[in-house]
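Below: the structure, in structure tokens.
Rule-based calculations on the coordinates, nothing more; no lab input. On a predicted model such as this, the values are computed, not experimentally measured, just so you know. Neighbour counts are summed over all protein chains in view; Cβ atoms, including those assigned to glycine, are modelled from backbone coordinates with ideal geometry.
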């Protein structure tokens, strides 16, 4: 099958949806013909669809999302780009108080078909304001859906589902994933939210991992396999809705779980997954739940400092061995 | 000058708002209104003067002090009242309440209780109009307090650079909660801020229905013809406190008295009579109709059931 980068898969989804549906349009800082987005996801789209539908905005994150909300409740399907996930902080009211709550507080009178694309993740030495992973904040806000694709295939299929749906979707990418390649069909396909992937089956322990950590978990699993340890790796693909049953089913099979995420440990994504396992599958556990996450610090700049805080293959392997 | 029909319609709207709000005040005195209330009494000329220029398919966005905006845009009094009373038959099935009323069937895109948060949403509706290629317009209502939010700056700038069909209506009632405008702004006229965005800004007497109407008429005309946004500042005054239990003691007595003399309702009534557009009998008949309609809304609201508790779990997602 044809291979595409994660970046190109995202662009293909945007392009195909813009061709299919005239109400789909893009807005964000430097996404247009002059820069094509900080990570080049929108390259060529302004040339093809024009500056009206691929709209460069002022540096005004709050208004970018607010404008997208206003357009979404009046017949359009905006896809807003926030250049770095850290900058969602500037638009929190519009995301969490407006987009997330409008359907509910107006009694279901309107829907908010809005997608907010933004990259998270550390590892490229750009320090505390461009490297965070803040997924948990949005999981904690009812009304939002949260997607977190780890492969080019998932990126394209989930983005199409997000654009076609009627709920606000926080679509989290990872800046280290943009160049990775994977198989992507040329046909039109969508991927349902709330259905996890079992990336590899295993018997001895389950690793739950998200975004770029899926790839580190897979590398760790391959290494462990060489040592005779069989690990099952689960990628939820979407955090809201979260495929609880897939997690519980795997824990029932392996009796052990290591949760690997790139956000801070305290009240993070890993805490929620651990709570689900504790509430719904405690009796099946043969060892305590183990979490591999970032320590509760901002992301530091200097390479050795930064590498120290990001979970890696070694820390994952160590955690798996601790639960065996 | 608006047509006679339009003039009478505006008079009817300010009366509807006044009687409705006075009734809400009375009902919460009887503990029938849960939570808090931000009454529009005193500011009626703004909503009526602006909305008289709008078509049913035009949009408005509103604020925590939003009952008047809903009513002027044409909302059903019964469903507004039922929502304020937390009933299932309200516009939002009891999920929004006084600060979150919306009626999408008449382009009322909802009230937000976060000060300044509705301004970018109004601009988004304006962008949507542009992209869909219709000739609708949007009026975004907000207060003097909201004009100090970042959203005010970000939103007006965006609407200006893209020439969107948005009328920014700043209701300057001189106080953001208990804080006087002079404490939080160096300028006297908020409309002066329009200069910074390269758009027209006008300050009008917000207690004069005709002044508001005429300023909005120009702004709507420009917006419908692709000439971009306008900032209209309407100087007005709330007759009651900020919210439910606020006696508004921070306002000097003389100032309150001065503004009560400028009450938009007797002023407009006298003007209409002077223009020989409204006889005493017609005025009485009209007011009786309004009182009956408000009574009917109260009856509908108070007799409506509360939602079932588990309905709290519905509508989180579409």
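Do you know which residues across segment B:103-120 are at the interface with chain A (Cβ under 7 Å from one of its Cβ atoms), more than 15 Å from residue B:162 (Cβ to Cβ) and in contact (Cβ under 8 Å) with a residue 12 or more places away in the chain?
B:109, B:110, B:112, B:117 - these are the residues of segment B:103-120 that are at the interface with chain A (Cβ under 7 Å from one of its Cβ atoms), more than 15 Å from residue B:162 (Cβ to Cβ) and in contact (Cβ under 8 Å) with a residue 12 or more places away in the chain.
Among the residues of segment B:38-72, count how many are closer than 21 Å to residue B:95 by Cβ, buried (at least 24 other Cβ atoms within 10 Å of the Cβ) and away from chain A (no Cβ under 14 Å).
Total meeting the criteria: 4.
Would you point out which residue out of B:230, B:216, B:203 is within 16 Å of residue B:46 (Cβ to Cβ) and surrounded by fewer than 22 Cβ atoms within 10 Å (Cβ to Cβ)?
On the way: B:230 fails: surrounded by fewer than 22 Cβ atoms within 10 Å (Cβ to Cβ); B:216 fails: surrounded by fewer than 22 Cβ atoms within 10 Å (Cβ to Cβ).
Unique residue meeting the criteria: B:203.
Within segment B:234-270, how many residues are in contact (Cβ under 8 Å) with a residue 40 or more places away in the chain, over 30 Å from residue B:194 (Cα atoms) and in a helix (DSSP H, G or I)?
Matching residues across segment B:234-270 total 1.
Can you find, within segment A:174-184, the residue that is surrounded by the fewest Cβ atoms within 10 Å (Cβ to Cβ) among those that are touching a helix residue (DSSP H, G or I) at 6+ places or on another chain (Cβ under 8 Å) and assigned to a loop (DSSP other than H, G, I, E, B)?
Of segment A:174-184, the ones touching a helix residue (DSSP H, G or I) at 6+ places or on another chain (Cβ under 8 Å) are A:174, A:176-184.
Then keep just the ones that are assigned to a loop (DSSP other than H, G, I, E, B); that gives A:176-180, A:184.
Numbers: A:176: 19, A:177: 27, A:178: 19, A:179: 11, A:180: 18, A:184: 24.
Applying the filter and picking the extreme gives A:179.
Mind listing whichever residues of segment A:49-66 are out of contact with any strand residue (DSSP E or B) (no Cβ under 7 Å at 6 or more places or on another chain) and either in a helix (DSSP H, G or I) or more than 7 Å from chain B (Cβ to nearest Cβ) (or both)?
First, the residues of segment A:49-66 that are out of contact with any strand residue (DSSP E or B) (no Cβ under 7 Å at 6 or more places or on another chain): A:49-52, A:56, A:58-63, A:66.
Within segment A:49-66, A:49, A:50, A:51, A:56, A:59, A:61, A:62, A:63, A:66 meet the criteria.
Scan segment A:113-135 and tell me whether some residue there is under 11 Å from the mean Cα position of the chain (by Cα), assigned to a helix (DSSP H, G or I) and within 23 Å of residue A:273 (Cα to Cα).
Taking every residue of segment A:113-135 in turn, at least one turns out to be under 11 Å from the mean Cα position of the chain (by Cα), assigned to a helix (DSSP H, G or I) and within 23 Å of residue A:273 (Cα to Cα).
Tell me which of these residue A:95 doesn't satisfy, since it passes every other one: (1) within 16 Å of residue B:118 (Cα to Cα); (2) in a loop (DSSP other than H, G, I, E, B).
(2)
Looking at (1) at the interface with chain A (Cβ under 7 Å from one of its Cβ atoms); (2) outside any strand (DSSP E or B), which is the only condition residue B:136 fails?
Checking residue B:136 against (1) at the interface with chain A (Cβ under 7 Å from one of its Cβ atoms); (2) outside any strand (DSSP E or B), the one that fails is (1).
Can you tell me which residues in segment A:224-245 are surrounded by fewer than 20 Cβ atoms within 10 Å (Cβ to Cβ) and in a helix (DSSP H, G or I)?
A:225, A:226, A:244, A:245 - these are the residues of segment A:224-245 that are surrounded by fewer than 20 Cβ atoms within 10 Å (Cβ to Cβ) and in a helix (DSSP H, G or I).
Please tell me if residue A:45 is without any contact (Cβ under 8 Å) to a residue 60 or more places away in the chain and within 22 Å of the chain's Cα centre (by Cα).
no
Residues of segment B:294-312 being surrounded by fewer than 18 Cβ atoms within 10 Å (Cβ to Cβ) and within 10 Å of chain A (Cβ to nearest Cβ), which ones?
Going through segment B:294-312, the residues surrounded by fewer than 18 Cβ atoms within 10 Å (Cβ to Cβ) turn out to be B:295-296, B:299, B:302-303, B:305-306, B:308-312.
Passing the criteria: B:311, B:312.
Give just the number: which of (1) within 8 Å of chain B (Cβ to nearest Cβ); (2) touching a residue at least 60 places away in the same chain (Cβ under 8 Å); (3) touching a strand residue (DSSP E or B) at 6+ places or on another chain (Cβ under 7 Å) does residue A:103 not satisfy?
Result: residue A:103 fails condition (3) only.
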